[in-house]
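Read the figures in this text as sums done on the coordinates, not as results from a lab. Please read these numbers as outputs of a predicted model, since none were measured by experiment. So basically every Cβ, Gly included, is an ideal-geometry build from the backbone, and we count neighbours across all protein chains shown.
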Amino acid sequence: MSLPLDVLGGITAEQFLAEYWQKKPLLVRNALPDIANILEPKDVLELALDENVTARLIKQKDRDPNQWSVKTSPLLKADFQKMPKLWTLLVQAVDHYSFDLSEFWKQFSFIPQWRRDDIMVSYAEKGGSVGKHFDFYDVFLVQGHGHRRWQLGQMCDAETEFVAGQPLRLLPEMDINFDEVLAPGDLLYVPPGLSHYGVAEDECLTYSFGFRMANVTEMMDRVADKFTENPLLKNPLLDIIRKHVTPVGQVTESEIEYLKEKLFEQLQNSTVIEDAIMSVMSESKYPDNIPEAEEIGTGDLEEALDQGYQLMLEPASRLLYTEQDGDILFWANGEGLCISDEFAVHLKTLADGQSLMLDETLYDADILEDIAMLLNESILMLVPTESE
Ligand code: SIN
Ligand code: CO
């Protein structure tokens, strides 16, 4: 049995998963008090103007707040001129830019990394919101700076209708059954499909720790890519044994069966399917945000051994593994990795979110080569121990 977690208000991860996860909301006061001062509104404004950032500026007309507009990134200073009274700035993947913020993912390690999406921040002044809506998304909303009033309503689904003619998928109404103001450090878990409406009470920053959900189309797409990469599968299939003459326009049942069989034979090939699934799941949401690494060689690493450095996951990258019959296989940022057996056990602990001291125990040619490759690919990063 696991321990009660402060981030979940004193319940265990198992209790949370059984009673709340994907089922009902959970409000936790003072869940992450240390998040309050990580960013200030001016930091978010500055970040929104970075040309590589994914951001949206949402405005409501002063004359009619039911008229919305959305400007997507790249955002320019001019977009912030002549602002209406009600507006919200949304910036995605802030965890790729703030290492301190990305460390807060550790508080949610009861949900595996492959389900993580990113941390979005919303910035608004009094009255600002993104409207009444729902997402097919699990999200922990955590209040940073300032206060936000959250109202929750009915469950919605693919059939739910939206307000016509607006650039956002807004709900015409909400049956409110929850109404609370969140202060810095407070957390609200919102399950997929639950309608929600968050309005800034003052100048406020809200973090959304979002979790992606897999979908079959995306996986199918990648499965198809993996098969098309195999030139052998381009070979023509020999004809089915042809005993009778059949009507010239018909494809017979046995012919269809034969072709399907050939297709299913390949689909049964589980290494390709697993490779496809793992490639999709290990893809970074914003691959363009992965920082370019400074080239490092095994010689540099050898010199750095025992010099007070540690290895960590690069927050913008994604590293996952599978383990079967003692074999550990790794994928990162959409690709399979080739890792020596000696380093695999260490890399597994890194993928599980721990850091690893760069010391004598890693003095091995294969291991140092693996580390250099992972650093050069920006999958891992090397940080001085005292910066922890
Ligand atoms: C917000 O923080 O204002 C938007 C987050 C959400 O509704 O998912
Ligand atoms: Co939402």
Query - Looking only at region 59-106, and only at residues there that are of a type in the set (Ser, Thr, Tyr) and not in a helix (DSSP H, G or I), the one that is nearest to ligand 1 (Cβ to nearest atom) - result: Thr88
**Report entry** Residue selected from region 50-73 under the condition charged (D, E, K, R) and either touching a residue at least 60 places away in the same chain (Cβ under 8 Å) or in contact with a Phe, Trp or Tyr (Cβ under 9 Å, 6 or more places away or on another chain) (or both), by the criterion farthest from Ser129 (Cα to Cα)
**Finding:** Asp50
Report task. Collect the residues in region 109-144 that are away from ligand 1 (no atom under 12 Å from the Cβ) and of a type in the set (Phe, Trp, Tyr), keeping them in residue-number order. Result -> Phe110, Trp114
Query raised in the report: What about Gly144, is it of a type outside the set (D, E, K, R), more than 15 Å from ligand 2 (Cβ to nearest atom) and surrounded by 18 or more Cβ atoms within 10 Å (Cβ to Cβ)?
Result: yes
Report task. Evaluate region 161-175: report whether one residue or more is within 24 Å of Leu32 (Cα to Cα) and either over 15 Å from the mean Cα position of the chain (by Cα) or outside any loop (DSSP other than H, G, I, E, B) (or both). Result -> no
Query raised in the report: Mind checking which residues of region 72-92 are crowded, with 16+ Cβ neighbours inside 10 Å and either more than 22 Å from the chain's Cα centre (by Cα) or within 16 Å of ligand 2 (Cβ to nearest atom) (or both)?
Result: Leu75, Asp79, Leu86, Trp87, Thr88, Leu89, Leu90, Val91, Gln92
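Just to be sure, is Gly153 in contact with a strand residue (DSSP E or B) (Cβ under 8 Å, 6 or more places away or on another chain) and within 16 Å of ligand 2 (Cβ to nearest atom)?
So Gly153 fits the description; yes.
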Query raised in the report: Based on what the data block shows, is Leu47 part of a loop (DSSP other than H, G, I, E, B), touching a helix residue (DSSP H, G or I) at 6+ places or on another chain (Cβ under 9 Å) and of a type in the set (A, V, I, L, M, F, W, C)?
Result: no
Query - Residue under evaluation Tyr123, criteria (1) of a type outside the set (Lys, Arg); (2) over 24 Å from Met83 (Cβ atoms); (3) in contact with a helix residue (DSSP H, G or I) (Cβ under 6 Å, 6 or more places away or on another chain), criterion not met - result: (2)
Query raised in the report: Just one of the numbered conditions (1) free of Cβ contacts under 8 Å to residues at least 60 places away in the same chain; (2) away from ligand 2 (no atom under 16 Å from the Cβ); (3) under 16 Å from Tyr286 (Cα atoms) is not true of Ser98; which one?
Result: (1)
Report task. Filter region 176-203 down to residues that are more than 23 Å from the chain's Cα centre (by Cα) and either surrounded by 15 or more Cβ atoms within 10 Å (Cβ to Cβ) or within 28 Å of Lys85 (Cβ to Cβ) (or both), then give me how many there are. Result -> 13
Query raised in the report: Does region 124-135 include one or more residues that are surrounded by fewer than 18 Cβ atoms within 10 Å (Cβ to Cβ), closer than 25 Å to Ala31 by Cα and within 13 Å of ligand 2 (Cβ to nearest atom)?
Result: yes
Query raised in the report: Looking at region 167-200, which of its residues are away from ligand 2 (no atom under 16 Å from the Cβ) and aliphatic (A, V, I, L, M)?
Result: Val181, Ala183
